[in-house]
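Only one structure is covered here, and it is reproduced in the block below.
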Amino acid sequence: MRFLLYHHKNRVLSEYVKKFSILSDFDRDESYNVEILSLPQQNNHDDFAELPESIRRLLFFAKPDLVICFDDDKNPIKPIFAFEHTQHVPARDHWMQRFVNLVGCAQEGIPGAYIIPFSMQNRPNFTGVIDSVFFFAYDRIMDIHKIPFYIAEWETADGQTLKPDLEFPFMPDHTSKDIKNAFLFLNLVIKAAIQENDFRNLMSDRLIVDLRIQIRGIAYKSIPKISDFKRLSQNMPNDNFLINSELETWLDRKGMSLPPHLPDRIIKRNKNLIFAPQLYDEESRSEVRLKLLERIHKRGGDPYLGQPLAFDYIFCRLGETPYQRDANLVIDLSVLSFSDLANYHKQVWSNCPLQIEEFGNLTNIPKYTLYLTKGCPQVIKNFLRVYAFTADIIVFSDGIIYF
C-alpha cells in the first residue's frame, strides 16, 4: 500500500508533513510506501492526463500546495487530504485569489487544512489582520459539502516574525497548538481512509466539532454584506441583489438585453449578484482592459481568479453545485470583448487530439482519452475554466453568454 504526496512547487511542505504526521510511522512500515511527487505545472501538460482521474477532478479549479493520495492496492488511487499554506495574513484579495485551491477538494469530498498567520500587525510590509469573511466562506463550504476543513494559525512571536520549525525553518513550529491539531486532523483522515470510512462521518468527530467551533468564533463576528465588497457594490449600490427588472435596466445602460431562451433556472430566480473584477470608467477603460488581460495571461487572473467562486459560496450557493442557488451570479467582464478571451479556447481547439484521424499519429493515448471523455474544460486557461464554472451569465462588451 502507498501514500502519494503530490506537491505544487513545495517539496519542503511534503517532507514536513511526512515527518510530523502518522505518515512517518507508515514510512517505517515495510507494508507501506510513502512517495513524494510533483504535480504537473499546467493542466494542458501531457503529464496531467496521466494522473489518476480522481486527482484530475480535484485539480479542476487550481492546485493545493500538497495533495495526499492513498493507494490500497485494490481500489483506484484517490486523494484523501490537501494542505494549503502561506506566510501572508489572508487580506481580502489574497485569500480570495487562493480560494479555489481547496474548493476542488470540497467538491470531491476531500478534507483539507489551511495554514496561515492570523495577525502580523507589526510587519514592515504586508501588514494585516485576518479577514473574518475568510472563515465565514470556509464555514459555508463545510455546511454545503459536509466535509471538514481546518484553518490553523502560523504563530508569530512579535506580530511581525513567524515562529519557525527548528528542523524546517520555512515551516511553522510543529509543536504549536494549531499545527498539532492540523496533524491530528490529518491522522484521523488517514485512519478513516485505511478503514474505508466516509469522510463526511468525520463532521461529528469531537476533534472536528471543536476545530469548527474555533473557526466559527471568528467567522461570525460580522456577517458579510454586499456593501463590504467594492467589486459587488459598484453595480449594486443599495447593498442588495438586483431583481430581474433592475438587471435588465443595468444591461440596457450598456446597450444590451438578456438573450432569449435563457435556462429556466436563471429566469425563475429573481435575485442577481453582479461581480466585476476591476473598477473602471470610460477614461480608464483602455488601461484597465490591458492590465486585466496581462494578469490573465501571466498570472491566471490573480487576484481575481477565485473571487467569483468565493462570492458564490458567501451569497448565492445553497447546495453542492452551482445549479443549487437562489441568486444568479453575473460576471461583468464588459471591460473585455469576447475576442479578448477567445484565443485561449481557440488554442485548446487547435491542439485538440480529437482531430487526429490516423491511429499512427496518436502519440499520447491518455491525453486523447481525457479529451474524449472530459472534453476541454479541464485543460483550458484557468481563468476561463473557473469563471465558466461559476457564472450563470458573463457580460462582455459585445455580447452575453450564459450557462
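Values in this text are rule-based calculations from the coordinates and carry no lab data. Nothing here was measured: the structure is a model prediction, and the numbers come from that model. Note: ideal-geometry Cβ built from the backbone for every residue, glycine included; neighbour counts use all protein chains shown.
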Under 28 Å from the Cα of residue 19, which lysines turn up, not counting those fewer than eight places away in the same chain?
9, 63, 74, 78, 163, 177, 180, 191
Just add up the charged neighbours of residue 44: K/R +1, D/E -1, any other residue whose Cβ is under 14 Å from the Cβ of residue 44.
+4
Relative contact order of region 187-269, pairs being alpha-carbon contacts under 8 Å that are 6 or more residues apart, as %
11
Select from 160, 355, 347 the residue whose mean-square fluctuation is largest in a Gaussian network model of the chain (Cα-Cα springs shorter than 10 Å).
355
Under a 10 Å cutoff between Cα atoms, tell me which one of 64, 308, 260 has the largest fluctuation in the Gaussian network model of the chain.
260
Could you tell me how far the Cα centroid of region 1-62 sits from the Cα centroid of region 259-296, in Å?
37
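Under a Cβ-Cβ cut-off of 13 Å, what is the net charge of the residues other than residue 14 that fall near it, where Lys and Arg count +1 and Asp and Glu count -1?
Values: positive: 9, 11, 18, 19; negative: 15, 27, 35, 65.
Value of the local net charge: 0.
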If I build a Gaussian network model for the chain, linking alpha-carbon pairs within less than 10 angstrom, which residue out of 163, 381, 254 has the largest mean-square fluctuation?
254
Check residue 80: other-chain or 5+ apart residues with amide H under 5 Å from its amide H, H built from backbone geometry?
68, 69, 70
How are the Cα pair distances of the chain distributed, in percent, across 20 Å bins from 0?
25, 56, 19, 0
Of the residues 244, 350, 229, the Cα lying farthest along the dipole of region 226-402 towards its positive end, which is defined by charges on the beta carbon of Lys, Arg, Asp and Glu, belongs to 350
To the nearest 10 degrees, how steeply does helix 285-299 sit against the main Cα axis of the chain, on a 0 to 90 scale?
30
Considering the dipole of the chain built from charges on the beta carbon (Lys and Arg +1, Asp and Glu -1) around the Cα centre, which of 369, 338, 174 is farthest to its positive end?
338
Sort 103, 335 by Cβ crowding within 10 Å, fewest neighbours at the top.
335, 103
Can you sort 94, 297 from fewest to most other Cβ atoms within 10 Å of each residue's own Cβ?
297, 94
The alpha-carbon center of region 299-333 and that of region 131-188 are separated, in whole Å, by 25
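Using Cα pairs under 8 angstrom and six or more residues apart, how large is the relative contact order of the chain, in percent? Show your work: numbers first, answer last.
Numbers: 661 pairs, mean separation 59.2, N = 403.
The normalised contact order for the chain reaches 15 percent.
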Would you list the P(r) distribution for region 226-402, with all Cα-Cα distances sorted into 10 Å bins from 0 and each bin expressed as a whole %?
9, 34, 33, 16, 6, 1, 0
Cα-centre dipole for region 34-94 with unit charges at Cβ (Lys and Arg positive, Asp and Glu negative), debye to 20
280
Starting from region 23-121, pick out the GluC sites (Glu not before Pro) whose DSSP state is loop and whose Cβ has at most 10 other Cβ atoms within 10 Å.
30
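So if I place +1 on the C-beta of Lys and Arg and -1 on the C-beta of Asp and Glu, and nothing else carries charge, what would the dipole magnitude of region 162-268 be about its Cα centre? I want it in debye, nearest 20.
On the way: 16 positive and 14 negative charges, 46 e Å.
Approximately 220 debye in magnitude.
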Summing -39500 (n - 2.57) over the DSSP H runs of n ≥ 4 in the chain and dividing by its residue number, what mean residue ellipticity at 222 nm do you reach, to the nearest 500 deg cm²/dmol?
-11000 deg cm²/dmol
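Run the dipole for the chain about the Cα centre, Lys and Arg Cβ at +1, Asp and Glu Cβ at -1, nothing else charged, and hand back the magnitude in debye, nearest 20. Let's see the in-between values first.
Working: 47 positive and 52 negative charges, 117 e Å.
So the dipole magnitude of the chain works out to roughly 560 debye.
Between beta-carbons, use under 9 Å as the cut-off and find the net charge around residue 269, counting Lys and Arg +1, Asp and Glu -1. Walk me through the numbers before you get to the answer.
Details: positive: 265, 268, 271, 325; negative: 326, 392.
Local charge sum for residue 269: +2.
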At 4 °C and 1.567 mPa s, what whole-number value in µm²/s does Stokes-Einstein give for the translational diffusion of region 2-219, with Rh from the Kirkwood sum over Cα pairs?
73
Nearest 10 degrees, 0 to 90: what angle lies between the long axis of helix 338-350 and the longest principal axis of the chain (Cα atoms)?
50
Checking a compactness column here: for region 141-230, what do you get for Rg(Cα) / (2.2 N^0.38 Å), N being the number of residues?
1.32
Rounded to two decimals, what is Rg over Rh for region 244-315 when you use alpha-carbon atoms and the Kirkwood radius?
1.03
Between 0 and 90°, nearest 10: helix 365-374 axis offset from the chain longest Cα axis
50
What the Cα atoms of region 296-352 span along the principal axes, largest first and in whole Å, is 37, 25, 20
Can you list which of the chymotrypsin sites (Phe, Trp or Tyr not before Pro) found in region 319-390 are DSSP loop residues with at most 14 other C-beta atoms within 10 Å?
323
Restricting to Cα pairs under 8 Å and 6 or more apart, the percent relative contact order of region 2-219 works out to 18
